[in-house]
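Here's the structure we're looking at; comments come further down.
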Amino acid sequence: MFKRSLNLDNILKRKSIFLFGPRQTGKSTLLKTLYPDALLINLLRPSEFLKYKTTPRLFGEEIEYAYRNHNAKLVVVDEVQKIPELLDEVHHLIEEHKDIRFILTGSSARKLKKAGVNLLGGRATRVHFHPIVSAEYGFKDFEKHLIKNLTCGFLPPVLTSSNPWADLEDYVSLYLQEEIQQEAVVRSFGGFSRFLNMVAKTNGQQLNFTDIGNDAQVPPRTVREYYQVLEDTLVGSFLTPYTKTTKRKAVATAKFYLFDPGIANFLTGRKTVSAKTPEFGPIFEQMIFGEIKAYLDYNSMNECLFYWRSTSQFEVDFLIRDKSDGWIAIEAKGSANPSPKEAKGMLALEEELQLRKKIIVCLADQPRLVDNGIEILPLHRFLEMLWKGDLVNGD
């Protein structure tokens, strides 16, 4: 139903791809649509998993035959993290045949990190895949159905479900069972479940390992390890603070966002989202984070997003460095008429960092320009500017 915004063709001209994304974001569907003639190896199929797990060399031998006899130059391997040993075969084939390309998908980077994914060195580019974004949904429909989608999230099966809450329950249960319990990722399954609930309650806030550990009844050191598990299994991302200000000392603590608002709502038991409530602002901010991060990831700008907060409590929600080294400051406000006073963090930051744009994205009907060059942009206008490349300078 959704035409995805990620373009892999330009990357494939240069090298192979690791396509990582959370479960059910649509990686396999995208690749079947874009590359129906590719040689597909699906490690979710028990027969293929057992064959290659038992004898990894068969993987390389079969691809070698397909390459020589059927001109198979594009190979898609679904869920490659299930057999990390296959990366040795991939490495050999890439070295042997300069025109062969692999797209290696995965819903977890944890096993690959342990197995030494760097064996491929610069021979494959890592691309992060996301749930449905506004450019794929349609900007007008995205805003029209905003409340519903902020409640249930943007996973493709959930968006089209007649019972999205049940699907979210299945999603979380499957994650806990397969990624956490069966793989013995953590010692205390109960402790991790309590921790996951606290992550949802503190979604988008500065990390405080001690407080979260106290509430989840696990040590702060374990909390730190659990957050790394979440990042490795692609269900959340750290947002790094910008710390290079001198006039106002900046905090150095990261934030953490779950990858989808529906997951956060399910974990907190929040079945309805309403505007003008205390919960709406943070959920709106999480959605804006997801849109910005997806755009930057899809345009190979993976390390260009920050937030800024001074020890004197001035804050900017999002700070983007584009490829021309320009800076864009963004505040996300889930209201229809935000006050220019809510831009005081951007004005404080601008005293020592030149900002190309200062934006408050909100639920206003029309865009307007207020004092000090601050742009107040309706949600749909902001999203259109972002995805059409009018906001951030890329290549």
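Here, each number is a calculation from the coordinates, and none is a lab measurement. Computed from a prediction, not measured in an experiment: that's the story for all the values here. Virtual Cβ from ideal backbone geometry, glycine too; neighbours counted across all protein chains shown.
Which of Ile283, Ile292 comes first, and how do the rest follow, when ranked by fewest Cβ neighbours within 10 Å?
Ranking Ile283, Ile292 by Cβ neighbours within 10 Å, fewest first, gives Ile283, Ile292.
As a quick test, which of the pairs Lys53/Lys255; Lys51/Lys293; Lys27/Lys53; Lys249/Lys341 have an alpha carbon distance above 27 angstrom in this structure?
Those over the limit are Lys53/Lys255; Lys51/Lys293.
So in the chain, what percent of DSSP beta bridges are antiparallel if you round to the nearest 5?
35
Hey, with R₀ at 45 Å, roughly what FRET efficiency would Val251 and Asp37 work out to, going by the Cβ-Cβ distance, to 0.05?
Result of the calculation: an efficiency of 0.30.
Between Ser173 and Asn372, what is the label-point separation in nm under the 7 Å Cα-to-beta-carbon projection?
5.1
Express in nm, to one decimal, how much length is gained between Gln354 and His70 on full extension, taking 0.36 nm for each residue of separation and deducting their alpha carbon distance.
Net length gain for the segment: 96.7 nm.
If one takes the longest principal axis of the Cα atoms in the chain, at what angle in degrees, from 0 to 90 and to the nearest 10, does the Cα axis of helix 57-70 lie?
Approximately 80 degrees, to the nearest ten.
Largest first, please: the extent of the C-alpha atoms of region 9-128 along each principal axis, to the nearest Å.
The Cα atoms of region 9-128 stretch 35, 34, 27 Å along their principal axes.
Mind checking the full-extension length gain between Gln181 and Asp9? Use 0.36 nm per residue of separation minus the Cα-Cα distance, one decimal, nm.
58.2 nm
Would you mind ranking Trp308, Trp165, Trp387 so that the residue whose beta carbon has the fewest other beta carbons within 10 Å leads the list?
Ascending Cβ contact count within 10 Å gives the list Trp165, Trp387, Trp308.
So between Gln205 and Thr311, what do we pick up on full extension, going 0.36 nm a residue minus the alpha carbon distance?
Stretched fully, the Gln205-Thr311 segment lengthens by 36.7 nm.
Neighbouring Cβ atoms within 10 Å as the yardstick, rank Thr29, Thr210 fewest first.
Placing the least packed residue first, the sequence is Thr210, Thr29.
Can you give the FRET efficiency to the nearest 0.05 for Asn214 and His145, using r as the Cβ-Cβ distance and R₀ = 41 Å?
Approximately 0.60, to the nearest 0.05.
Given that just one value was derived from the coordinates, which of [x] 33; [y] 39; [z] 43 is percent of Cα pairs over 34 Å apart?
Calculated percent of Cα pairs over 34 Å apart: the matching label is [x].
Between Asp390 and Lys111, what's the calculated FRET efficiency when r is the beta-carbon distance and R0 is 30 Å? Round to 0.05.
0.15
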